[in-house]
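Notes for the one structure printed next.
The values are calculated or read from the model by the stated rules, or taken from the named source; none is laboratory data. What you see is a predicted model; the values in this text were computed from it and never measured. Please note: Cβ atoms are built from the backbone with ideal geometry, for glycine as well, and neighbour counts cover all protein chains shown. Heavy atoms of the whole protein, side chains included, go into the accessibility calculation; ligands, DNA and RNA do not. Shrake-Rupley method; radii C 1.70, N 1.55, O 1.52, S 1.80 Å.
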Amino acid sequence: MRTVLREPKFTTPPDSFVHGLGRSFLEVLYEVGQATLLMLAGLAAMRFLAVRRSRDAAVRQLYIAGLKSLPVVTVVAGFTGMILALQTGLTLRRFSQEVNIGTAVMVSMLREMGPFMTALILAASVGSSIAAQIGTMTISEEVAALEVMSIDPIRFLVMPRLVALAVMTPLLSFYSTVMGVLGGGLVGVTQLGVSWTAYLDNATRFADNKDLYVGMLKALCFGLVIATMACHQGFATTKGAVGVGNATRRTVIVSFLVILVVGYFITRLFYV
């Protein structure tokens, strides 16, 4: 059994600015290490998916992370594709190349915008919910009760949420790409004078399998990041209701920052 709860840390005030800066850097490294170990423990606990109770918990989280997020993903993805098509089309119209908006929308949604927008939505909705739920359980000592009863919190709380976001983020990312392309096609046909056939032909001709695979890899990494940050902040919650609010806020902020950084380095790794 793993202990995930941590006692509040009491430290003396720093003696100088350099001392405070160094302490902050070490604390960041400590938090990164704790979050990484939590993610690895959650991945290792996936072997218990063969157990019915764990499988049912994972299916329940799949429903929460996937189907409940579908309406907002649909709206955001559709309008993202429409904005991309309109802005790109207005620029390409200067060169009489607006027929190529299909390529721009498809490649942008596959490589970046689909995974990125999906991850932001899930971090703001699902990630914050996970942090608030686990944080409340931590404050009310429900997590401590699980450990006392020899129930592994990693298997019971972290693993189902990690599985759900690792599975649903790529699926929702692909769905958002489809909705974005459809939204871009609607703008192209109705406002830019591009035929539907020409739009789809350009959209599918110049986008290759690599764009799809890299986009799905990004979405997978983003899903793992969101679940890890949310669970980590939930378990680290202190100071009652105020702490739950702070954990929720930190989950969204840190998830956004890590998503941006991870997305950049994956793009650099595969396209530079």
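Give the residue that is least open to solvent (accessible area, probe 1.4 Å), with candidates limited to residues of the stretch 53-76 that are more than 18 Å from LEU165 (Cα to Cα) and not basic (Lys, Arg). If you could, list the steps in order and put the result at the bottom.
So the first thing to find is which residues in the stretch 53-76 are more than 18 Å from LEU165 (Cα to Cα), and the list is 53, 75-76.
Going one step further and asking which of them are not basic (Lys, Arg), we end up with 75-76.
Working: VAL75: 83, VAL76: 40 Å².
Out of the qualifying residues, it is VAL76.
For the residues SER129, SER96, the requirement of being within 30 Å of ARG161 (Cα to Cα) and open to solvent by 40 Å² or more (accessible area, probe 1.4 Å) singles out SER129. Only residues that are without any contact (Cβ under 8 Å) to a residue 12 or more places away in the chain and either touching a Pro at 6+ places or on another chain (Cβ under 8 Å) or in a loop (DSSP other than H, G, I, E, B) (or both) were counted across the stretch 51-94, and they come to 2. Inside the stretch 221-253, residues that are of a type in the set (Val, Ile, Thr), closer than 21 Å to MET137 by Cα, under 15 Å from the mean Cα position of the chain (by Cα) and open to solvent by 40 Å² or more (accessible area, probe 1.4 Å) make up a count of 0.
The residues on offer are PHE156, PHE116, and the sole one that is in a helix (DSSP H, G or I), open to solvent by 20 Å² or more (accessible area, probe 1.4 Å) and over 20 Å from LEU43 (Cβ atoms) is PHE116. Selection over the stretch 95-111 of residues that are more than 21 Å from PHE174 (Cβ to Cβ) and in a helix (DSSP H, G or I) gives a count of 3.
What number of residues within the stretch 219-272 are assigned to a helix (DSSP H, G or I), among the β-branched types (Val, Ile, Thr) and either under 29 Å from ASP152 (Cα atoms) or without any contact (Cβ under 8 Å) to a residue 24 or more places away in the chain (or both)? I'd like the intermediate steps shown before the answer.
First, pick out the residues of the stretch 219-272 that are assigned to a helix (DSSP H, G or I): 219-235, 240-271.
Next, only the ones that are among the β-branched types (Val, Ile, Thr) stay: 225-226, 228, 242, 244, 248, 251-254, 258-259, 261-262, 266-267.
Imposing the further condition that a residue be either under 29 Å from ASP152 (Cα atoms) or without any contact (Cβ under 8 Å) to a residue 24 or more places away in the chain (or both) reduces the set to 225-226, 228, 242, 244, 248, 251-254, 258-259, 261.
Summing the residues that are assigned to a helix (DSSP H, G or I), among the β-branched types (Val, Ile, Thr) and either under 29 Å from ASP152 (Cα atoms) or without any contact (Cβ under 8 Å) to a residue 24 or more places away in the chain (or both) in the stretch 219-272 gives 13.
LEU43 passes every criterion in (1) farther than 17 Å from PHE235 by Cβ; (2) touching a residue at least 40 places away in the same chain (Cβ under 8 Å); (3) open to solvent by 40 Å² or more (accessible area, probe 1.4 Å); (4) hydrophobic (A, V, I, L, M, F, W, C) apart from (1). Filtering the stretch 1-50 to residues that are β-branched (Val, Ile, Thr) and either modelled with pLDDT of 80 or more or not in a loop (DSSP other than H, G, I, E, B) (or both) leaves VAL18, VAL28, VAL32, THR36.
Pairs meeting the criteria (first residue in the stretch 138-150 and over 12 Å from ALA236 (Cα atoms) and free of Cβ contacts under 8 Å to residues at least 40 places away in the same chain, second residue among the acidic types (Asp, Glu) and surrounded by 12 or more Cβ atoms within 10 Å (Cβ to Cβ), beta carbons under 8 Å, at least 6 apart or on different chains) are LEU146/ASP152.
For the stretch 188-211, what are the residues that are open to solvent by less than 50 Å² (accessible area, probe 1.4 Å) and either part of a helix (DSSP H, G or I) or of a type in the set (Asp, Glu) (or both)? Write out each step before concluding.
From the stretch 188-211, those open to solvent by less than 50 Å² (accessible area, probe 1.4 Å) are 188, 192, 194, 198-199, 202-203, 207, 211; that's our starting set.
Matches in the stretch 188-211: GLY188, ALA198, TYR199, ASN202, ALA203, ASP211.
Being in a helix (DSSP H, G or I), open to solvent by less than 20 Å² (accessible area, probe 1.4 Å) and of a type outside the set (Val, Ile, Thr): is that true of ALA166 here?
Yes: the conditions hold for ALA166.
Within the stretch 132-150, if we keep just the residues that are polar (S, T, N, Q) and surrounded by fewer than 16 Cβ atoms within 10 Å (Cβ to Cβ), the residue that is nearest to the chain's Cα centre (by Cα) turns out to be SER140.
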